[in-house]
1. Going through region A:387-427 one residue at a time, which ones are under 21 Å from residue B:52 (Cβ atoms), within 19 Å of the chain's Cα centre (by Cα) and in contact (Cβ under 8 Å) with a residue 40 or more places away in the chain?
2. With over 28 Å from residue A:163 (Cβ atoms), in contact with a strand residue (DSSP E or B) (Cβ under 7 Å, 6 or more places away or on another chain), at pLDDT below 95 and surrounded by 15 or more Cβ atoms within 10 Å (Cβ to Cβ) as the only criterion, which of A:197, A:208, A:182 stands out?
3. Can you report the number of residues in region A:380-412 which are at the interface with chain B (Cβ under 8 Å from one of its Cβ atoms) and in contact with a strand residue (DSSP E or B) (Cβ under 6 Å, 6 or more places away or on another chain)?
4. Could you please give the count of residues in region A:75-95 that are away from every other protein chain (no Cβ under 11 Å) and crowded, with 21+ Cβ neighbours inside 10 Å?
5. Here is a list: A:170, A:190, A:145. Which entry is part of a helix (DSSP H, G or I), in contact (Cβ under 8 Å) with a residue 60 or more places away in the chain and farther than 26 Å from residue A:391 by Cβ?
6. Select from region A:111-129 the residues that are assigned to a strand (DSSP E or B) and in contact with a helix residue (DSSP H, G or I) (Cβ under 7 Å, 6 or more places away or on another chain) and write down the one among them that is farthest from residue B:42 (Cα to Cα).
7. How many of the residues making up region A:350-378 are over 25 Å from residue A:407 (Cβ atoms) and either at pLDDT below 90 or away from chain B (no Cβ under 14 Å) (or both)?
8. Of all strands (runs of 3 or more DSSP E) completely enclosed by region A:231-289, which ones contain at least 3 residues that are in the same structural domain as residue A:313 (by TED's automatic domain parsing) and crowded, with 17+ Cβ neighbours inside 10 Å?
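The values are calculated or read from the model by the stated rules, or taken from the named source; none is laboratory data. Keep in mind it's a predicted model, so treat the numbers as computed, not measured. Glycine also receives a Cβ, built like all others from the backbone with ideal geometry; neighbour counts cover every protein chain displayed.
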């Protein structure tokens, strides 16, 4: 029986000067994690630390072909990786540290240009460390900082002890608007578990799209969720006339009336909320269920009956904010029931970054030929601006998913797992500069079979 | 148009062709054991690039990198193509 050598995973560590890369690298080199790791970095000479190896690299950009961005690789890495691959001893992992101003694209592309390289090494992911205190200034001033965030599979927000919770939330929200599919970690002194930092799986095609529906939706379909704790029985849902003649609502049971439970539930609620709704007029009886209602609210006061079969937590997702219609829930004794909490949603995900993420999803099968033409043209014409893209595609006549990843114009794709009993749908994600959601969606829809 | 969505593809490419081209290139370019030879089939599609071309790059442990460029996919490359590419590359290098 032939033995297949397992590919050595490679993690690329990016981040501006002072973000904490060296601190994290020192931990990777010194902690007792049992892995034999080779680190390629910029500052040390070639020295051995315990069982590890550190190799010095001097950034050497190599344009293989006519200065084309997709053919630009890191010459220094080709040389060093070639030497590492020839060594007799095996490594469990390779970590590449880049300089603060490095463009991640040539580093990533280095792993796709040669078959022998691809047979021996596997780009596992790009980890970007950011300094919670100073990144906002870098994002405003440096294209490289934006690119490092956009390329990342994992973003570690470091030095969290130097900023307030509000500043931290604002920074993470801004970073998510740039890169909606990265995994976020927080640390005070680059002290995240080593496994989380180097086992990333960002370029694993089988995991290409662990995407939340919240990101794939162009906008939230509801503006608020009111979470109630209700006893079984009959209630009145009262709405006064508001800015629109109707309002869509979805009432669902929750396992518990907590923020964390709602985090999980709203992903599915988004999908359900966009299903066809049932139109009703005042006096109708509503019950918790998986499809939305469209309530007529043209009268000055509109009363609907709400039957709750089982005591428990319930989420009332509403197309508009409850204040706009003075929405209230009244129990049988005439008392007003206050929600445990109300969550409001930004209706259109507005942000002003030139670099951002666009997620697209359609259920209908795609024509492989049309898709090939569109994607080929898109990556050829817009590949410079599309830093990364990934997708899971439902191709007509195929029992298996097609999964792909691209870095700029370099494209890697193959058939994935069979669909089996799962609902077939195609999901695409683009992260890049000046992306036009409407144009991308129109192009995508043009590929329907 | 390159077929990006090829359900028949294993993603491995024509490995035998690559091994053959790599072996020829190693001899033609005089690669030493410590040098790194990469064979890349490019389909970048930019105006200045051919639809499909192969770049063979010898990166020596020390010294100047050498590049052979053939306007064909790897599977279509013959030894004569590499000799021709070497002749062009040498001619370019002499002009510099």
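1. Just the residues of region A:387-427 that are under 21 Å from residue B:52 (Cβ atoms), to begin with: A:404-414.
When the remaining residues are screened for being within 19 Å of the chain's Cα centre (by Cα), the result is A:404-408.
Within region A:387-427, A:404, A:405, A:407, A:408 meet the criteria.
2. A:208
3. 6
4. Number satisfying all stated conditions: 2.
5. Values: A:170 fails: in contact (Cβ under 8 Å) with a residue 60 or more places away in the chain; A:190 fails: part of a helix (DSSP H, G or I).
Just a single option satisfies the conditions, and that option is A:145.
6. Here is the first cut: in region A:111-129, the residues assigned to a strand (DSSP E or B) are A:121-129.
Now restrict to residues that are in contact with a helix residue (DSSP H, G or I) (Cβ under 7 Å, 6 or more places away or on another chain): A:121, A:123, A:126-129.
Details: A:121: 19, A:123: 19, A:126: 23, A:127: 27, A:128: 28, A:129: 32 Å.
Only one residue fits best here, namely A:129.
7. Restricting attention to region A:350-378, the residues satisfying the condition of being over 25 Å from residue A:407 (Cβ atoms) are A:350, A:352, A:363-365, A:367.
Those left that are additionally either at pLDDT below 90 or away from chain B (no Cβ under 14 Å) (or both): A:350, A:352, A:363-364.
So the count comes out to 4.
8. Working: elements: A:233-240, A:246-254, A:278-280.
The qualifying strands (runs of 3 or more DSSP E) are A:233-240, A:246-254.
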